[in-house]
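Derivation of every value follows stated rules applied to the coordinates shown; laboratory data play no part. Worth saying up front: this structure is predicted, and the values here are computed from it rather than measured. Here Cβ is always computed from backbone atoms with ideal geometry, including for glycine, and neighbour counts include all displayed protein chains.
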Amino acid sequence: DASLRTIPSRLASQAALAAAIRRSSTFEELRCSGHAISATGAAALGDAIGASRTARVVDVGDGTLGDEGVEALASCLRCPTLEALELEAK
């Protein structure tokens, strides 16, 4: 969807969410703090957001990511427009 700006994580699986981010030309924020994300999901999201040219804020802190999940999300840092990557559990 070309008009997608903020994607509520509760609406889709992590893989579907990553696919939606890849298709969107206007995605800006992902806020799913407090929702468990698997290492596989973190890798899919990290790759999708890292390839984005519009992402600004990613908030995925839930305290269960672990080292593998955090490393997978590091791919987000390739996005040139990213302003904040929140990993802290809230």
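Just a few scattered comments:
- When the alpha carbon coordinates of the stretch 50-89 are projected onto the principal axes, the ranges are 28, 16, 9 Å, largest first.
- The label-point distance for L77 and S38, in a model that sets each label 7 Å from Cα toward Cβ, rounds to 2.6 nm.
- The H on the amide N of L30, modeled in the peptide plane, is under 5 Å from the matching H of V57, V58, D59, each at least 5 residues off or on a different chain.
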